[in-house]
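These notes are about the structure you will find just below.
The values are calculated or read from the model by the stated rules, or taken from the named source; none is laboratory data. Computed from a predicted structure; not experimentally measured. A quick note on method: Cβ atoms are made from the backbone with ideal geometry, for glycine too, and the neighbour counts reach across all protein chains shown. Ligands, DNA and RNA are excluded from the accessible area calculation, which covers all protein heavy atoms including side chains. Shrake-Rupley method; radii C 1.70, N 1.55, O 1.52, S 1.80 Å.
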Amino acid sequence: MSLLSVRMRASLKGKHVSGAERIVQEEDIPLTLCELLKRPGEHDFLKLTVERLEEVEELEFDLPVSSHRFESVKEGREFALAKLVESGVPERIAREGVGLLSKGANPKGGNMRGAVLLDVETGKRLEPDPERGIRTVRVDWKDRSAVREGLLKRGFTERTLDALAIAFKNLHCGVLAELCWSDDPDYITGYVASRKLGYVRITPLKEEGDPLGGRVYFIRREGIGEIIKCLEERAVLIKSLPSLL
Ligand code: PML
């Protein structure tokens, strides 16, 4: 079966506003392009990339998913911190990750387009370009519409659908733990993901109206070359378990 990756990203005045990816068969390209073109809100730049994939790994989704709600951002972030520590990240480094997302991880101010790579031993940032960061791409659900329906039925969102796929690929590529909350000012749920704990959704991880967010991948420096290659290059199609449907 020949598969293609279709990616869209849109921005407004140089600021990223929307991005999405699908892995589809050739005959589904026109429909996918139309769907992705409808997604972004206001924008003045939109780029579509269509690329044939040489090799696509099929993996079974096997992470437990849980949700936790708190009264305040402070409590939500303390809980995220505890979950990162339980996942094997030293507390000092976990705090560093939470701090980076709260202040805006881009050294020039604001958000990054990709994720921060944080060394779990030294707390040093390891991404080759700290303004760009590392982007997890070439990942999608094998039966996207069924998983989407299942998640929406359980009160999850379209964002959960994509975040679950990204988090799953990250762990598969060797990320020890991930911390994420959205840069969308209206979306206050985020998560911690790790092999040990699964996908742990946390509300709220930021205040309503806060435009800062992003992703921090906690990694061990030894494997960095392989991890980056896997995150940015290996194509992964995820088969869902009945528990997600
Ligand atoms: C969730 O609802 O499961 C959390 C999703 C985080 C999405 C992050 C993003 O899309 O920017």
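So the values come out like this:
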read-out	value
Net charge of neighbours whose Cβ lies under 13 Å from the Cβ of Pro64, counting Lys and Arg as +1 and Asp and Glu as -1	+3
Relative contact order [Cα under 8 Å, 6+ residues apart], the range 84-154, whole percent	23
Gap separating the Cα centres of the range 195-215 and the range 220-235, nearest whole Å	23
Out-of-range pairs (alpha-carbon distance over 20 Å; input Lys169/Lys229; Lys47/Lys169; Lys15/Lys47; Lys15/Lys169)	Lys47/Lys169; Lys15/Lys169
Within straight-line cross-link reach of Lys83, aspartates and glutamates at Cα separation under 15 Å, skipping those fewer than 8 residues along the same chain	Glu75, Glu91, Glu96, Glu178
Kirkwood-Stokes translational diffusion coefficient of the range 29-133, alpha-carbon pairs, 20 °C, 1.002 mPa s, µm²/s	122
Cα convex hull of the range 113-245 - mean projected area over all directions, nm²	8.2
Proximal aspartates and glutamates to Lys153, defined as alpha-carbon separation beneath 19 angstrom and excluding residues fewer than eight positions away on the same chain	Asp143, Asp162
Hz values of 3J(HN,Hα) by residue in the range 57-67 - Karplus curve (6.51, -1.76, 1.60), Gly and Pro given as x	7, 9, 10, 8, 5, 9, 9, x, 10, 9, 10
Of all accessible heavy-atom area on the range 76-135, the percent that carbon and sulfur account for (1.4 Å)	49
Estimated 222 nm signal from helices in the chain, with DSSP H stretches of n ≥ 4 weighted -39500 (n - 2.57), rounded to 500	-9000 deg cm²/dmol
Solvent-accessible area of Asp143 with every protein chain in place, 1.4 Å probe, in Å² to the nearest 10	60
Relative contact order of the chain, defined on C-alpha pairs under 8 angstrom at six or more residues apart (%)	25
Reciprocal mean inverse distance between Cα atoms of the range 147-216 - Kirkwood radius, Å	12.5
Inverse of mean 1/r across different Cα pairs in the chain, Kirkwood, Å	18.3
Rounded accessible area per residue of the chain, 1.4 Å, Å²	49
